[in-house]
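For reference, the structure discussed in these notes is given below.
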Amino acid sequence: MLGQFVIGPFGSAFHVNNYDSNSPFRYIRGKDVKPFRLLEDDNVYMPEKDYFRLHKYAICQDDLIISVVGTLGNVAIIPEDEKGIFSCKSTLFRNPKIDAHYLLAYLNSKYGNSCLLRRQRGAVQTGLNKEDLKTVPVALASQKKQEMISSLVKNALKCSKTSKSLYTEAQKLLELEFGLDKVKVKKTTGYIGSFSKVVLSSRTDAEFFYPEFDILSSNLPKHINFSSLSKALSFCQRGKQPVYSDAGLTVINSKNVLANKINIENTRFAQPPIFPELKIQYGDVLINGTGRGTIGRAAPYLENAEALPDNHVTILRTPGIDPVFLSVFLNSKAGQLQVEKHQRGSSGQIELYPFDIRKFLIWEAPQKLQFEIRDLYDRALSMEKESKDLLEKAKQAVEQLIEQAAEKT
């Protein structure tokens, strides 16, 4: 055997209602395991005491983590300095006797992935077990070829890390300008909302009157003045439930709208709507309107091809404000506090409606700052594209080696 498999803990070993956002120890769920790398847009963390209690399931640098329940056969590598525990929906492969990054490329190639998926068991709930994973064949290339493919993967992961750093830098640039790092809001057990505000807002829920955004607004630097988002909008409308088809325009749903980034991979299609204004255009900002954990996430749409929003996504069009800047603002603390303030509904179904989004306050920053944030964002996007291209080259190199070997037999 080329290495050691480590099975995850029982599902009851850690309860998801015990997440601790202040902990450095990550809890890696099945849905976090994507091809080549872990998803970084929705991390959750576990208390320190649970991490040490389950320490035998702790991840190590260069472990390969394989999704074995749900979406099967995704394989990612654990990066340097990542500390955490993996869930029962994944299995680790540790201490491989061949280059871990080469093996990562092989298992994510069409041949390696096919070998994984052939070993799934079950009808309603399919899965991959350890004994079957042990039988997955591995194409052993020469040391020189392994090193070449490994280098492509390593460079791709470095580009991805740089991209993430640039996205973070863009967000921090705005927040430092706001002085958000200096504004501290003391949590209170109670607060007061005037009767006149209740009448004017037609709201009686406690979240609407929570004072944190008002405190933040009153402590901003003097050169920053908020204005109504509605004045900057030329269009603000939520999409309709699409009629899906095998071809047509790409449909963007709430899962595709991440913080400051739209993932258009694995999307579905629908025929153009009767009302052409409901098409997403280059330069629009999309914001999620439903779902705890996804509500209020915003991202700029920078694709040349038109697309369609589903009925959980709202299109924002602001001709005078750079879409990247607006997206970064909406994902900042100043934007997210307003999401919490204006969302409606109970824990079962919360909604952020277009007429409430229009009530948001924004800062129309100087063009220089908008340009600086856009430049950081564009560089991050470029590095992300380079990373994807390198990973594709690595997979193709593995597949070519296998095909060439097959031709010789």
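Can you confirm whether L286 is at pLDDT 95 or above, assigned to a strand (DSSP E or B) and of a type outside the set (D, E, K, R)?
Numbers: at pLDDT 95 or above: yes; assigned to a strand (DSSP E or B): yes; of a type outside the set (D, E, K, R): yes.
In short, yes.
Could you pull out the residue among L326, L337, L376 that is outside the structural domain of T168 (by TED's automatic domain parsing), assigned to a helix (DSSP H, G or I) and modelled with pLDDT of 95 or more?
Going through L326, L337, L376 in turn, the sole match is L326.
Tell me, please, whether a residue that is charged (D, E, K, R) and either part of a helix (DSSP H, G or I) or in contact with a Lys or Arg (Cβ under 8 Å, 6 or more places away or on another chain) (or both) can be found in region 8-27. Outline the logic, then answer.
Keep residues of region 8-27 that are charged (D, E, K, R), which gives 20, 26.
After this cut, where a residue has to be either part of a helix (DSSP H, G or I) or in contact with a Lys or Arg (Cβ under 8 Å, 6 or more places away or on another chain) (or both) as well, the list is 26.
Yes: one or more hits.
Within region 265-303, take every residue that is surrounded by fewer than 15 Cβ atoms within 10 Å (Cβ to Cβ) and over 22 Å from the mean Cα position of the chain (by Cα) and give me the one that is nearest to R374 (Cα to Cα).
The residue in question is E277.
Going by the structure shown, is F235 in contact with a Lys or Arg (Cβ under 6 Å, 6 or more places away or on another chain), closer than 22 Å to E351 by Cα, among the aromatic types (F, W, Y) and not assigned by TED's automatic domain parsing to the domain that holds K341? Give the derivation first.
Numbers: in contact with a Lys or Arg (Cβ under 6 Å, 6 or more places away or on another chain): yes; closer than 22 Å to E351 by Cα: yes; among the aromatic types (F, W, Y): yes; not assigned by TED's automatic domain parsing to the domain that holds K341: no.
Judged against the criteria, F235 is not a match.
Out of the residues in region 356-370 that are touching a residue at least 60 places away in the same chain (Cβ under 8 Å) and in a helix (DSSP H, G or I), state the one that is farthest from the chain's Cα centre (by Cα). Before the answer, list the steps.
So the first thing to find is which residues in region 356-370 are touching a residue at least 60 places away in the same chain (Cβ under 8 Å), and the list is 357-365, 369.
Then drop every residue that is not in a helix (DSSP H, G or I), which leaves 357, 369.
Working: I357: 22, L369: 25 Å.
The qualifying residue farthest from the chain's Cα centre (by Cα) is L369.
Quick check on region 113-122. Is at least one of its residues at pLDDT 95 or above, buried (at least 19 other Cβ atoms within 10 Å of the Cβ), in contact with a strand residue (DSSP E or B) (Cβ under 9 Å, 6 or more places away or on another chain) and part of a strand (DSSP E or B)?
The answer is no, given that none of the residues of region 113-122 is at pLDDT 95 or above, buried (at least 19 other Cβ atoms within 10 Å of the Cβ), in contact with a strand residue (DSSP E or B) (Cβ under 9 Å, 6 or more places away or on another chain) and part of a strand (DSSP E or B).
Working carefully through the options V44, V16, V33, find the one that is free of Cβ contacts under 8 Å to residues at least 60 places away in the same chain and closer than 25 Å to T135 by Cα. Break it down into steps so the answer makes sense when it comes.
Working: V44 fails: closer than 25 Å to T135 by Cα; V16 fails: closer than 25 Å to T135 by Cα.
Checking each option against the conditions leaves just V33.
In region 71-85, which residue that is surrounded by fewer than 21 Cβ atoms within 10 Å (Cβ to Cβ) and more than 18 Å from the chain's Cα centre (by Cα) is nearest to Y45 (Cα to Cα)?
Among those residues, the one meeting the criterion is K83.
Mind telling me which of the residues F329, F360, F325 ends up being within 20 Å of D42 (Cα to Cα), surrounded by 18 or more Cβ atoms within 10 Å (Cβ to Cβ) and among the aromatic types (F, W, Y)? First the steps, then the outcome.
Values: F360 fails: within 20 Å of D42 (Cα to Cα); F325 fails: within 20 Å of D42 (Cα to Cα).
Of the residues listed, the single one that is within 20 Å of D42 (Cα to Cα), surrounded by 18 or more Cβ atoms within 10 Å (Cβ to Cβ) and among the aromatic types (F, W, Y) is F329.
The values are calculated or read from the model by the stated rules, or taken from the named source; none is laboratory data. Everything numeric here is computed off the predicted structure, so don't read it as measured data. Because the Cβ atoms are built from the backbone with ideal geometry, glycine has one as well, and the counts that use them run over all protein chains shown.
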